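Let me begin by presenting the structure, written as C-alpha coordinates, before commenting on it.
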Amino acid sequence: MVKMTFSPEAGEFLQKKLGNKPVLILALNDGSNKYSLQGGSCTIGANFQFVALDQADSDYQIKIDNDLGLDLYTGQAEMGFLDDSLSVGEQYGMLSLSDGSGLIDSAVGVNVYEPSKLTAEQIQNGASC
(Lines give C-alpha, C1' and ligand atoms only; values in the text may rest on other atoms or scores of the structure.)
Protein backbone atom coordinates (compact mmCIF):
# COMPACT_ATOMS: atom_id res chain seq x y z
CA MET A 1 0.00 0.00 0.00
CA VAL A 2 1.25 3.46 -0.89
CA LYS A 3 1.10 6.01 1.93
CA MET A 4 1.51 9.78 1.85
CA THR A 5 1.86 12.19 4.73
CA PHE A 6 1.41 15.94 4.42
CA SER A 7 3.01 18.57 6.61
CA PRO A 8 0.32 20.82 8.16
CA GLU A 9 1.44 23.65 5.85
CA ALA A 10 1.27 21.44 2.74
CA GLY A 11 -2.17 20.15 3.69
CA GLU A 12 -3.51 23.68 4.16
CA PHE A 13 -1.93 24.86 0.89
CA LEU A 14 -3.37 21.94 -1.08
CA GLN A 15 -6.85 22.16 0.43
CA LYS A 16 -7.07 25.84 -0.59
CA LYS A 17 -6.22 24.97 -4.21
CA LEU A 18 -8.58 22.00 -4.69
CA GLY A 19 -11.89 23.80 -4.78
CA ASN A 20 -14.78 21.34 -4.79
CA LYS A 21 -13.12 18.58 -6.84
CA PRO A 22 -13.59 15.24 -5.02
CA VAL A 23 -10.73 13.23 -6.60
CA LEU A 24 -7.02 13.99 -6.59
CA ILE A 25 -4.27 12.24 -8.54
CA LEU A 26 -0.51 12.43 -8.33
CA ALA A 27 0.65 12.48 -11.95
CA LEU A 28 3.91 12.95 -13.76
CA ASN A 29 4.25 16.39 -15.33
CA ASP A 30 6.74 15.47 -18.05
CA GLY A 31 4.64 15.33 -21.21
CA SER A 32 3.81 11.65 -20.76
CA ASN A 33 0.09 11.93 -19.99
CA LYS A 34 -3.05 13.92 -20.72
CA TYR A 35 -2.58 16.13 -17.64
CA SER A 36 1.03 17.16 -18.32
CA LEU A 37 1.50 20.89 -18.59
CA GLN A 38 5.16 20.66 -19.56
CA GLY A 39 7.51 18.04 -20.82
CA GLY A 40 10.70 16.96 -22.43
CA SER A 41 13.42 14.44 -21.86
CA CYS A 42 14.98 16.50 -19.07
CA THR A 43 11.79 16.29 -16.97
CA ILE A 44 11.12 12.54 -17.17
CA GLY A 45 10.43 11.27 -13.66
CA ALA A 46 11.52 14.56 -12.08
CA ASN A 47 8.33 16.62 -12.32
CA PHE A 48 5.07 15.78 -10.61
CA GLN A 49 1.75 17.47 -10.11
CA PHE A 50 -1.44 17.01 -8.15
CA VAL A 51 -4.46 17.09 -10.44
CA ALA A 52 -7.92 17.70 -8.98
CA LEU A 53 -10.69 15.93 -10.90
CA ASP A 54 -14.48 15.68 -10.89
CA GLN A 55 -14.32 11.88 -11.08
CA ALA A 56 -11.84 9.02 -10.93
CA ASP A 57 -9.61 8.33 -13.94
CA SER A 58 -9.11 4.66 -14.84
CA ASP A 59 -5.46 5.36 -15.76
CA TYR A 60 -4.78 6.17 -12.09
CA GLN A 61 -5.94 3.21 -10.00
CA ILE A 62 -3.29 2.96 -7.29
CA LYS A 63 -4.88 4.28 -4.10
CA ILE A 64 -2.67 6.46 -1.91
CA ASP A 65 -3.57 6.28 1.76
CA ASN A 66 -3.05 9.73 3.26
CA ASP A 67 -3.41 11.63 6.49
CA LEU A 68 -5.74 14.25 4.96
CA GLY A 69 -8.45 11.75 4.05
CA LEU A 70 -8.26 12.69 0.36
CA ASP A 71 -9.56 10.42 -2.39
CA LEU A 72 -6.01 10.25 -3.82
CA TYR A 73 -4.57 8.01 -6.55
CA THR A 74 -1.54 7.60 -8.76
CA GLY A 75 -0.69 5.48 -11.79
CA GLN A 76 1.66 2.64 -12.59
CA ALA A 77 3.93 4.92 -14.67
CA GLU A 78 4.37 7.24 -11.68
CA MET A 79 5.23 4.35 -9.34
CA GLY A 80 8.33 3.68 -11.42
CA PHE A 81 9.79 6.82 -9.81
CA LEU A 82 8.33 6.51 -6.29
CA ASP A 83 8.46 4.20 -3.30
CA ASP A 84 5.55 3.26 -1.01
CA SER A 85 6.15 5.95 1.61
CA LEU A 86 5.74 9.52 0.36
CA SER A 87 5.72 12.88 2.08
CA VAL A 88 4.69 16.33 0.95
CA GLY A 89 5.97 19.57 2.42
CA GLU A 90 5.42 23.25 1.69
CA GLN A 91 7.92 26.06 1.69
CA TYR A 92 7.67 29.52 0.15
CA GLY A 93 4.38 28.66 -1.56
CA MET A 94 5.72 25.53 -3.26
CA LEU A 95 4.95 21.88 -2.55
CA SER A 96 7.76 19.34 -2.38
CA LEU A 97 7.51 15.57 -2.82
CA SER A 98 9.89 13.18 -1.09
CA ASP A 99 10.19 9.46 -0.49
CA GLY A 100 12.61 7.23 1.40
CA SER A 101 15.41 8.05 -1.02
CA GLY A 102 15.07 11.82 -0.52
CA LEU A 103 13.65 14.78 -2.42
CA ILE A 104 11.93 13.90 -5.70
CA ASP A 105 10.44 17.24 -6.79
CA SER A 106 10.74 20.60 -5.03
CA ALA A 107 8.07 22.29 -7.16
CA VAL A 108 5.03 20.02 -7.36
CA GLY A 109 2.22 21.78 -9.20
CA VAL A 110 -1.49 21.77 -8.41
CA ASN A 111 -3.78 21.64 -11.43
CA VAL A 112 -7.56 21.94 -11.07
CA TYR A 113 -8.46 20.10 -14.26
CA GLU A 114 -11.19 21.52 -16.49
CA PRO A 115 -11.59 19.46 -19.67
CA SER A 116 -12.05 21.30 -22.93
CA LYS A 117 -13.19 19.97 -26.25
CA LEU A 118 -12.21 21.36 -29.61
CA THR A 119 -14.78 21.38 -32.35
CA ALA A 120 -13.94 20.22 -35.87
CA GLU A 121 -14.21 23.85 -37.00
CA GLN A 122 -11.67 25.00 -34.40
CA ILE A 123 -9.22 22.31 -35.48
CA GLN A 124 -9.64 23.20 -39.18
CA ASN A 125 -8.98 26.85 -38.33
CA GLY A 126 -5.73 26.09 -36.56
CA ALA A 127 -6.74 25.78 -32.91
CA SER A 128 -4.70 23.40 -30.82
CA CYS A 129 -5.24 21.63 -27.54
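The values are calculated or read from the model by the stated rules, or taken from the named source; none is laboratory data. All of these numbers come straight from a predicted model, not from anything done at the bench. Counting neighbours? That spans all protein chains shown, and the Cβs are built from the backbone with ideal geometry, glycine included. To get the accessible areas, we keep the full protein, side chains included, count just its heavy atoms, and leave off ligands, DNA and RNA. Shrake-Rupley method; radii C 1.70, N 1.55, O 1.52, S 1.80 Å.
Residues that are of a type in the set (S, T, N, Q), at least 2 per element: which strands (runs of 3 or more DSSP E) completely within segment 43-107 meet that? If you could, list the steps in order and put the result at the bottom.
Values: elements: 48-53, 62-66, 71-74, 85-91, 94-99.
In segment 43-107, 85-91, 94-99 are the strands (runs of 3 or more DSSP E) which contain 2 or more residues that are of a type in the set (S, T, N, Q).
Taking each residue of segment 97-113 that is open to solvent by 50 Å² or more (accessible area, probe 1.4 Å) and looking for partners that are among the small types (G, A, S) with beta-carbon atoms closer than 9 Å, six or more apart or interchain, yields G100/S85; L103/S96; S106/S96; V112/G19; V112/A52; Y113/A52. Annotation: of all residues in segment 1-19 being outside any helix (DSSP H, G or I) and among the polar types (S, T, N, Q), the one that is nearest to L53 (Cα to Cα) is T5. Among the conditions (1) of a type in the set (D, E, K, R); (2) open to solvent by 50 Å² or more (accessible area, probe 1.4 Å); (3) closer than 16 Å to Y113 by Cβ, the only one that E90 does not satisfy is (3).
None of N29, N20 is at pLDDT below 95 and within 21 Å of E90 (Cα to Cα) except N29.
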